[in-house]
Amino acid sequence: MSETITRRRGHLHVPRQRAPLEVQISGWVAEGIIDEEQAARIRARARVPVPETREQETQRVTGLGGAELRSYAVEALGYLGGLLVVIAAMLLANLYWSDLGVGARLGVLGGAVVGLVAAGSLTPAGRGDAWSRLRSVLWAAATVVAAGFTVVLADEVLELQETDLALTVSGTVTVVAALLWLAHRVPLQQVMLMVSGMLTAGTLTEQILDADWAIGVGIWAVALAWLVLGWTEVLRPPAVAMAFGAIGMVFGASATMQWDAGIVLGLLTVAGVVLVAVVARELPMLGAGAIGVLMIVPRAVDEWFPGELTAPFVLLGLGGGLVALAVWIARSRT
């Protein structure tokens, strides 16, 4: 109870906080003023919850812990089983893959995709984080195997050329990843969709523009769109979408740095990522900016100022600035 009693001391009224009613009831019972039946009536009248006994508390905590341990054990067994399946598949492929016909190869890979998707679908992902992670890992593996299936189909059945093959594989995987992400919207499925989408955009851009730098531009454009969708909270969690979008922009820009325009794009990308990270106060995105500094700034300095002492001093200043920004973001978020 939050009720107070006031006591007069001269001209002052000094409030004294009463102890919570449950504490008072427990004290009255201990002192023998009331018995347990009367205490129960007072609690019922005042709607005070009956405190748990030590046995009840132990059973509740032990039960929750047991369920959690069981879910982690199942998750670990799932990962171990999946790893053993992958190892066995690699050994069998190494021994007999060249002896299999095209139909048999497609059957093996297609069956693996269906099996992994089915296993993930049967996982009760709504019952806890461990189950959700297990489903996401199984479906990520299904996405990778789907890429292998499409490679065999496009190369040995459709006999596509290199660029068309890459576009067919990345486009198919993007569709698979999108469907799985729509069914289970967790960060791992989001990352699989983003990576396959960036590869599709890069391959398509190169095919349209017929230039080496176009791959990086396509990747950069999709990553930028991903960052914006995270910023506007269309993609959740926003911090994950923004961080991976920023990393994609860095890698896309780095693929264009054979040309001066690519170096400028890379430097602007790093500066923009760091600026947005500071405005949004997102440490993961600032980490992506730090990766960009390591990948892009030394190459830019070496290209424009070869053999000079500029590079170490620039990196020293940028490193100190990033540390200061990280500390400021961490303190401000706290």
Next item on the list: Output the peptides 22-34, 190-202, 168-180 sorted from most to least packed, where packing is the average of other Cβ atoms within 10 Å over each peptide's residues.
Entry: 190-202, 168-180, 22-34
Notebook entry, point to check: Near Ala253, within a Cβ-to-Cβ distance under 15 Å, what is the net charge of the other residues, with Lys and Arg +1 and Asp and Glu -1?
Noted result: -2
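Between Ala261 and Phe313, take the C-beta separation as r, use R0 = 30 Å, and let me know the FRET efficiency to the nearest 0.05.
0.75
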Note to self: Please list, by residue number, every one of the trypsin sites (Lys or Arg not before Pro) in the range 253-334 that is coil in DSSP and has at most 16 other beta-carbon atoms within 10 Å.
What the structure shows: Arg281
Next item on the list: Would you mind working out the magnitude of the charge dipole of the range 211-334 relative to its Cα centre, with +1 at each Lys and Arg C-beta and -1 at each Asp and Glu C-beta, to the nearest 20 Debye?
Entry: 560
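Want the number for Asp164 to Leu80: 0.36 nm per residue separation, take away the alpha-carbon distance, what's left?
Going from the current span to full extension adds 26.6 nm.
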Note to self: If I take R0 = 30 Å and measure r between the Cβ atoms of Glu156 and Asp212 in this structure, what FRET efficiency does the formula 1/(1 + (r/R0)^6) give, to the nearest 0.05?
What the structure shows: 0.60
Check: Among rounded, prolate and oblate, which fits the range 129-172 when a ≥ b ≥ c are the square roots of the eigenvalues of its C-alpha gyration tensor, a/c under 1.5 means rounded, and a/b larger than b/c means prolate?
Finding: prolate
Check: Under a plain spin-label model, where a point goes 7 Å from the Cα along Cα-to-Cβ, how far apart in nm are Ser98 and Ala178?
Finding: 3.9
Check: Going by how many other beta carbons lie within 10 Å of each one, how would you line up Leu153, Leu318, fewest first?
Finding: Leu318, Leu153
Notebook entry, point to check: GluC sites (Glu not before Pro), restricted to the range 138-223: which are DSSP loop and have at most 16 other Cβ atoms within 10 Å?
Noted result: Glu159
Item checked: Formal net charge of residues neighbouring Trp231 (Cβ-Cβ distance under 14 Å; K, R +1; D, E -1) -> 0
Check: Between Ile291 and Glu233, what is the spin-label point distance in nm, taking each point 7 Å from the Cα along the Cα→C-beta axis?
Finding: 2.6
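Taken together, the values in this text are just the output of simple stated rules run on the coordinates, not laboratory data. Since the structure is predicted, the reported quantities are computational estimates derived from the model, not experimental observations. So basically every Cβ, Gly included, is an ideal-geometry build from the backbone, and we count neighbours across all protein chains shown.
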